[in-house]
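Report on one structure; see the data block that follows.
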């Protein structure tokens, strides 16, 4: 059991790892070689965006110190993770010192990305080797979900199990077991891919935009592609990686054989053009204009969207077979990367599933290399390799015309090195909706949502519209699900999906179109329908548990506000952001925030504090940047749960829902004490003050007026009780009135077209 | 011989009581646009059209254009008419005074255009094309190009063309093959063949300025690789006079169904010298500037022909005595009643009238928005106006020209067998009207433009420019008892249009084929609803004149009632077609056609 953690080295990785341990609520000691360096790192992280900490509370769990004087702080740590300079001698010297302070049974690991484990334990004795392993995190540690774990021949199995369990359940990572080979899995294959993508871009005379377009959406790689990624991670990193790979890999390894020095890139590094952290890179922005570098000359020119015909193709194989330069390039890169990956199992990992998981989680690829091979077809790849006179890896020969994956009896299976298919393993306690969907049919579904039986009498409502935007179909399915639950089809409901975002809110494109054709009745219907659906969730005679991950904004947030409980992935971003598009929350968001803040124990009494708090949050579209922050902001209740590992979310939500089933009674409709006109006047004055300071735009004022009217209860008075129904009606009226203004229509249009709010 | 009398009374009504003259006068440069200034312009335009252009219409059709050794001759009298037209400044009526134009609003320009189209459509092609080329150079040309070409194009000394179409490339301009190679002196050498070039070669002007779409050697594929060039027939000398003959020749005249006096040329460019207009590869955008204006102009052609067909049909129906009224004898002193008394003849005449007058009103308000979009100082107002023009352009082009074809055929129908005889001139209107449904993008393409480009653009923002004012209009008048006959049907049609719009957008998002399958019916539904709005507004205006003794306003109200009761109900059938979806179109086996 790990109750306290030590991290040595407060660089980007060490500090980030320490922050994530703290995010899990576990005390952590952070030491650095530079006196005061660790404390500075914590300070820096509190200002950084994206933030390594999930709030201010975790930062208080970090104890900082210096390696030189404070090693004793590590005495009661169960796990000590080393993340210092990548030099074996320095690391070994540190380990030797650790032996004097660490407690028996504690585990030491290195976050090395380049040094073999064997080299790190040299001369340190069996006792240390038994407690030592490699734990390789990815940058940034809070957000990248991969943890590569390497054990040596002498490492204790319990040590591996303990750290793996901590990494999985507390730090939220997916643990992938690797062999002790250079670069482990992700950097070995990712490095090869980058090398091939760069070399071939020179070889085929592609522009950087063309190369990035190939190494982007068609391959399921983030749109930074390869050159954009180099700019992001730092172009100066390249030679270091190359040197380390050359030093540790055999000379005949394709990675080593493919090492090239490009004069243009060498010059970039020499001139400090090393990417975003330097003076620009392959791309740069000058006075708002995006420039791109010509690979041939090293000169910059305005960046242009590539126009090659092959780049319009959506099918990867068609792209790789297209005769234009991007097509030929795509084929060359795919052949290099895929054949390399296929040649490395089982050398670097036991299974193809492990390799794919590492690439998905460590490089944010949508598909791992073997999943990509399945997309183009293993026989196509083998044939293309033969045609190019290149060797066909044994595993590829072995799989023949089958796929590396198949679904058998509803179970996803991978192709093993033994020639048989095996179920893709899931860690104990992990329940994935994707697995349930493979083996069952939905209870009911429509174009935007489905209802699944997730066992033990619990149903799961899944959104699957684009960005999980809430539309009439989703509202309809919520209504239908509640009706089925009332009839006893299930005893508890979980609202969960495995999309990138839980839900980005109501489909404002539909609303805008309807507004443009003056279909006001239809829009009123959508607002009322939404309120009804939310109310149905809240008043259903069975527990409803929300299980979000990613963004839950606007209407997506309102869905969660109407759940009986929430089990949220730690990485959940929540807010009522309607004012960004010139609207106010219309599906009970205003009403619920009023209720929550007025019931909050620490709030001062009287009608105004809760109203003012809700007004402040909604009028400035405050977004909680983690589940922990969402609790502080009362988007979630203090009793709601936070789950660090996304893969464990559904199981946790299901357990929570089942625990609530017995004697469940839905919450009663309440009343509120709202200040009415006097409160509205106070809020108006606050808005005017913002205008005077230049912080509020003319249309902000219009939006705030409607928000203030709604939150203060309209024509009410604090001596009378205002019903929730009255506030809901005000929400509808405010929403409709705003949607009829030009300012709001312009904001919605701008958001749809640019993804950014319009400040009109 | 057909006759033509410009409908000045109705034109004034539309300009003064339906379009917003105050809005027009609020635009910079248009402060003086009052009736005092506009009336003489309209009267003089009417005179030219009635006295000079109308008489040449039949003869021009009979004689046609001829070609000999690459030299094209227009029919007798055309040159003199062209000179008179140019000297009167009609070619530059709405052109910038800076270029020698009259600087009048396009709202007025469109009305004059209608007269020209009624009088002699083929003649109108020559100045019409020049104006399109003028607009493109004005917007996208360099200062030098503007100074060299614009004044002479405005005064008619030189004329212009738009060279887009090639044998393999009509709607799909990405297929263009004409090449442009840069020369050392900054000019380009253009080589390729163009067809269907209106006014490509003729004897009316001293020089012809071709605007040519061609591809540069480094052009990206498709429509993103098209550039626009100006290629004069005679290379201008340093003094700006026509100089050396350029490598562009007319190789043939097309043999057409109608507009025979308009020279429709096959053009060959052989290493012709030309200059880039605007930026490389941005030619299509430049062309679209012209095309939007040109599409409105083609819509006006349909309107003009509907009007002249109506006038002649009415005259014939009054004169022609056949049979007796089925509800009793009407002209006891005559051997038979005029056919005007027959219900079906009355139906035909009222239909034509409702089409022409409705379109005239819609054209006027759209042209006013075009003026606002061109001149208003506030970018927001400009954009709102442009949204409306963008939305209405395909509707005006397609529905007006469909009506032009309907109304000329109906006019011929009123004549019975005599309509089929060339001497009466009614069949010429039919033949002339047909082209307007085809060129500047067939009406099918207009419908696709509406559902594909205009409907979804900016999440439906263009639609707002129509739906919001129409709903406001309905709400403003729905309590008014006197307006009930007009507001109720308008409101119903409006609801149908809302429903169909939402449905077409919804289905189109899932399957573009569905949007395409609904497009033509949807465009007509939209157009009929827009005309219902016009007829309601015209009725509203007519109701302000209960004391009127001329019969003008009474007839207006009667036509409005006819439109609401006898034409607008077509919208229900259209909605039914749209709602039925495109399945029957999609499923039919290709081989079975």
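Worth a mention:
- Shown for A:236, A:212, A:49, A:131: other C-beta atoms within 10 Å of each C-beta, ranked fewest to most, produce the order A:49, A:236, A:131, A:212.
- Computed from Cα positions, the angle between helix A:724-739 and the longest principal axis of chain A comes to roughly 70 degrees.
- Calculated on alpha-carbon atoms, Rg and Dmax of chain B in Å: 24.2, 83
- Within region A:474-498, backbone nitrogen closer than 13 Å to the virtual label 7 Å beyond the Cα of residue A:661 toward Cβ: A:488-494
- A straight chain from residue A:599 to residue A:671 at 0.36 nm per residue would run longer than the Cα-Cα distance by 24.8 nm.
- Using C-alpha pairs under 8 Å with a sequence gap of at least 6, the mean separation divided by the residue count of chain A gives a relative contact order of 8 percent.
- Residue A:299-residue A:257 FRET efficiency (beta carbon distance; Förster radius 30 Å; 0.05 resolution): 0.45
- Here the spin labels are modelled as points 7 Å beyond Cα on the Cα-Cβ line, and at residue B:423 and residue B:570 they lie 3.4 nm apart.
- Over the protein assembly as shown: helical MRE at 222 nm, DSSP H runs n ≥ 4 each giving -39500 (n - 2.57), nearest 500: -15500 deg cm²/dmol
- Against the compact-protein benchmark of 2.2 N^0.38 Å, the Cα-based radius of gyration of region B:8-140 scales to 1.15.
- Computed over Cα pairs, the Kirkwood radius of the protein assembly as shown leads via Stokes-Einstein (0.692 mPa s, 37 °C) to a diffusion coefficient of 90 µm² per second.
- Entry note, chain B: relative contact order of 13 percent, from Cα contacts under 8 Å with a spacing of 6+ residues.
- Here the simple spin-label model places points 7 Å from the Cα toward Cβ, and for residue A:3 and residue B:34 these points are separated by 9.6 nm.
- Cα long-axis angle, helix B:35-48 against chain B (0 to 90 degrees, to the nearest 10): 80 degrees
- Proxy reagent accessibility, fewest Cβ within 10 Å first, across A:193, B:405: B:405, A:193
- Across peptide A:502-510, the mean count of Cβ atoms from other chains lying within 10 Å of each residue's own Cβ comes to 1.
- Euclidean distance of C-alpha centroids, region A:548-580 and region B:484-529, integer Å: 37 Å
- Taking region B:159-281 and dividing mean pair separation by its residue count, relative contact order in percent (alpha carbons under 8 Å, at least six apart): 31 percent
- Alpha carbon centroid spacing (whole Å) that separates region B:110-168 from region B:190-232: 14 Å
- Extension gain, residue B:583 back to residue B:51 (0.36 nm per residue minus Cα-Cα distance, nm): 186.2 nm
- Cβ-to-Cβ counts within 10 Å put B:194, B:332 in ascending order as B:332, B:194, the fewest first.
- Extension gain, residue A:754-residue A:484: 0.36 nm per intervening residue step, less the Cα-Cα distance, totals 93.2 nm.
- Using alpha-carbon coordinates, inclination of helix A:88-101 to the longest axis of chain A, degrees: 60 degrees
- Relative to one another, the C-alpha centroids of region A:686-756 and region B:1-69 are positioned 52 Å apart.
Rule-based calculations on the coordinates, nothing more; no lab input. On a predicted model such as this, the values are computed, not experimentally measured, just so you know. FYI the Cβ positions are ideal-geometry reconstructions off the backbone, even for glycines, and counts take in every protein chain you see.
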